[in-house]
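Take a look at the structure set out below.
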Amino acid sequence: MRRASAAIAGLCLIALLAWPASAQVNPPAPVPTGPVNPAIPDAVPPVAPPAEGSPAPAMSPETTSPEGETSPTPLPTPSPPPIVVEPANPAIEPGRTVTARINSAAGTITATAADPAIATVVVDQGQRAIYISGVAIGSTVVTVGDSRGLTSDVTVRVAYDAGTVADGVPLRVTGDPASVAFLRDAAIQAAEAAATSRTGARIYVPPEAVVVHATLATDNRVTIDVPVRITGDAYINTAGTTHVAVENFALPRVAPSRLLVSDYPERLTADGVLFTATIDRTTSQRFLYYHFNPSTEPARRILVKATNTAATPAVLHLLAALAGPGSNEMEVGHNATRSFLVRSRRNEGTVFTIPPNSTVNIVNHNLPPNSVVNGILQMRELSGEPLQIAVVAQGADAPLDQSADAANLLAGGALHARGVYPVPEFFSDYTFFTDAPPLEIPIGQLPLPNLRVGEALSGDYGVMQSMRVVIVNTSRFGQAIALYANPRGGQATGTFIIDDTLVQAHRLPAYSRYKIWQETIAAGTYRTLRITTMPEGGSSYPLRLVFAQDDGSVAPGGPDSPVY
């Protein structure tokens, strides 16, 4: 192998030595066919040299030189950066000053207000900013310039803020425990009550933006952040966050002794006082209001005012379930009743302090045209002198502290209940044998007398009805038993707490019969069922609850069932 490699290497060396000898021979030069120095064509004009001190123009490949070569064309001069003012459209209250930053300005900044009677402006060269001061309500233009001669027009609006958002507010609640939904509603109401708004402005809290992570047990505390917006066409919109410091206050549930009702006039055609009453420390009282604002009427609100005329503060415990405004009266009544039954069972309420010689709006319920509102409250004074309660209908833009003549109650239209009624809660016991005829329990059938001059309470609206039913099966076989809802006065919705389960019925046709509970009772055993319900505003009561043998109809929550 080594000898063969040496031979090959020798041959390569001979070839390399021979190659330069043949590469040194030059080819013959070509014979020229034209003049050696051709003349410059007459058609090409002479090119003038650039003026002294002038820069040569930029060239692009699209331009052809006299020699036929491509040269660049002049590029456009770049635009200078515009003046940028931040904020671009400042708004300010009269007597206040706002700072606007000036960006991309060259050299000296200038600023001039078109109407100094509306706003004035001062330039701060060092901070590259202008200070705009509001003088009077209106709009004007501030023109900002710089040393390049560029300008920028800024529209300035001078108006009052729509209101103010409270930074923080304390809130005492009750609940065993206080649920997430209740805490959210209570925090929103506290933040809205702590905010102030100008005439015509609206306070709004987006409920989905209020985050509550868990229920709150008795004697515990939590802070809930509530974003508040205050808007109005004539004002500068205001936004902020109110930090609501919540404490769950231990307080037992006390059954009410009276039912107060404000349902007359149900159809509002004027502003004024709808109902008055006095509450004190001796007992708890339930209160129901239900009012409709026709489409031909202006926007209103319903206020429930508590007035303390004493020289010492008063403390009030309030359970409140508000529904509406809405155009579907049955839905509004159902939502208020459902909320009250659930909150009453958990004792979910708020604790208010009414300062001496003052009036506090404990309810502020918007009532636009073609809408109905329903509120069910339970009030108990914990300390202090008796409080005067008034329900007032007033214009939506009227001041919240506007006085009203409590001596003259509004009247007119069809007669409805307005007064004080003696039985706010019914309790009853029943026994049903599975082989006996159906057991019928009337709901909302007994009219309650009015302790004042006025209509009796038909339908028992606002009256909580609780019952205990013992179902006994003495046979040797299991018996399928069902509970049916059977409206007897017209269409009706319903809310039932059966043991610890919430059962709701959508609009039930008059005289229909739908199953709201079913179970098989084992042979030789019994079953105790506890039911709580309340007639619902906007529905036609009475209604019957019927215990009977299961007829095989659709189960609650099943297809084609209005019960869920």
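The values are calculated or read from the model by the stated rules, or taken from the named source; none is laboratory data. Just so you know, these numbers come straight off a predicted model, no measurement behind them. Neighbour counts run over all protein chains shown; Cβ positions are idealised from the backbone, glycine included.
Return a yes/no flag: does the range 85-95 have any residue that is surrounded by 13 or more Cβ atoms within 10 Å (Cβ to Cβ) and either touching a Pro at 6+ places or on another chain (Cβ under 8 Å) or farther than 28 Å from GLY240 by Cβ (or both). Within the range 85-95, not a single residue is surrounded by 13 or more Cβ atoms within 10 Å (Cβ to Cβ) and either touching a Pro at 6+ places or on another chain (Cβ under 8 Å) or farther than 28 Å from GLY240 by Cβ (or both). The set of residues from the range 206-235 being at pLDDT below 95 and of a type in the set (A, V, I, L, M, F, W, C) comprises just one member, ALA234. Of all residues in the range 125-147, those satisfying the criterion of being surrounded by 14 or more Cβ atoms within 10 Å (Cβ to Cβ) and either of a type in the set (Val, Ile, Thr) or free of Cβ contacts under 8 Å to residues at least 12 places away in the same chain (or both) are ILE130, ILE132, VAL135, THR140, VAL141, VAL142, THR143, VAL144.
Does ARG346 meet the test of being under 23 Å from ALA178 (Cα atoms) and either modelled with pLDDT under 95 or touching a strand residue (DSSP E or B) at 6+ places or on another chain (Cβ under 7 Å) (or both)? Considered against the rule, which asks whether it is under 23 Å from ALA178 (Cα atoms) and either modelled with pLDDT under 95 or touching a strand residue (DSSP E or B) at 6+ places or on another chain (Cβ under 7 Å) (or both), ARG346 comes out as no.
The set of residues in the range 92-124 being part of a loop (DSSP other than H, G, I, E, B), without any contact (Cβ under 8 Å) to a residue 60 or more places away in the chain and under 26 Å from ALA162 (Cα atoms) consists of GLY95, ARG96, ALA114, ASP115, PRO116, ALA117, ILE118. Here the condition is being among the polar types (S, T, N, Q) and either free of Cβ contacts under 8 Å to residues at least 40 places away in the same chain or more than 26 Å from LEU382 (Cα to Cα) (or both); of THR307, THR296, THR312, THR276, it holds for THR296 alone.
For the range 170-194, enumerate the residues that are surrounded by fewer than 20 Cβ atoms within 10 Å (Cβ to Cβ) and free of Cβ contacts under 8 Å to residues at least 60 places away in the same chain. Passing the criteria: VAL180, ALA181, ARG184.
Can you name the residue in the range 196-205 that is outside any strand (DSSP E or B) and modelled with pLDDT under 95 and is also surrounded by the fewest Cβ atoms within 10 Å (Cβ to Cβ) among such residues? Only one residue tops the list, namely THR199. For residues in the range 442-463 being closer than 20 Å to VAL546 by Cβ and assigned to a strand (DSSP E or B), which is farthest from the chain's Cα centre (by Cα)? Result: PRO442.
Quick check: is even one residue across the range 307-327 in a loop (DSSP other than H, G, I, E, B) and either aliphatic (A, V, I, L, M) or under 16 Å from ARG418 (Cα atoms) (or both)? Scanning the range 307-327 turns up at least one residue that is in a loop (DSSP other than H, G, I, E, B) and either aliphatic (A, V, I, L, M) or under 16 Å from ARG418 (Cα atoms) (or both). Selection over the range 75-91 of residues that are among the aliphatic types (A, V, I, L, M) and either over 47 Å from the mean Cα position of the chain (by Cα) or in a loop (DSSP other than H, G, I, E, B) (or both) gives a count of 3. Only residues that are surrounded by fewer than 24 Cβ atoms within 10 Å (Cβ to Cβ) and either part of a strand (DSSP E or B) or outside the structural domain of ASP397 (by TED's automatic domain parsing) (or both): list them for the range 280-291, please. Answer for the range 280-291, where residues must be surrounded by fewer than 24 Cβ atoms within 10 Å (Cβ to Cβ) and either part of a strand (DSSP E or B) or outside the structural domain of ASP397 (by TED's automatic domain parsing) (or both): SER284, GLN285. Quick check on my filter: what residues within the range 393-415 are buried (at least 19 other Cβ atoms within 10 Å of the Cβ) and in contact with a Phe, Trp or Tyr (Cβ under 9 Å, 6 or more places away or on another chain)? Answer for the range 393-415, where residues must be buried (at least 19 other Cβ atoms within 10 Å of the Cβ) and in contact with a Phe, Trp or Tyr (Cβ under 9 Å, 6 or more places away or on another chain): just LEU410.
Within the range 148-169, the residues that satisfy the criterion of being within 26 Å of the chain's Cα centre (by Cα) and loosely packed, with under 15 Cβ neighbours inside 10 Å are ASP167, GLY168. Of the strands (runs of 3 or more DSSP E) entirely within the range 366-441, those holding at least 3 residues that are at pLDDT 95 or above and aliphatic (A, V, I, L, M) occupy 371-383, 387-395. Residues of the range 96-113 that are aliphatic (A, V, I, L, M) and either farther than 15 Å from SER133 by Cα or exposed (fewer than 15 other Cβ atoms within 10 Å of the Cβ) (or both): ILE102, ALA105, ALA106, ILE109. Criterion first (under 27 Å from PRO449 (Cα atoms), of a type in the set (Asp, Glu), in contact with a strand residue (DSSP E or B) (Cβ under 8 Å, 6 or more places away or on another chain) and surrounded by fewer than 22 Cβ atoms within 10 Å (Cβ to Cβ)) does GLU266 satisfy it? Against the criterion (under 27 Å from PRO449 (Cα atoms), of a type in the set (Asp, Glu), in contact with a strand residue (DSSP E or B) (Cβ under 8 Å, 6 or more places away or on another chain) and surrounded by fewer than 22 Cβ atoms within 10 Å (Cβ to Cβ)), GLU266 qualifies. Taken over the range 191-211, the criterion of being aliphatic (A, V, I, L, M) and under 14 Å from the mean Cα position of the chain (by Cα) is satisfied by ALA191, ILE203, VAL205, ALA209, VAL210, VAL211. Using the structure shown, decide if ARG96 is basic (Lys, Arg) and either within 24 Å of ILE230 (Cα to Cα) or within 35 Å of the chain's Cα centre (by Cα) (or both). Answer is yes for this residue. From the list ALA299, ALA270, ALA239, the one residue that fits, being among the hydrophobic types (A, V, I, L, M, F, W, C), in the same structural domain as ALA186 (by TED's automatic domain parsing) and farther than 26 Å from SER358 by Cβ, is ALA239.
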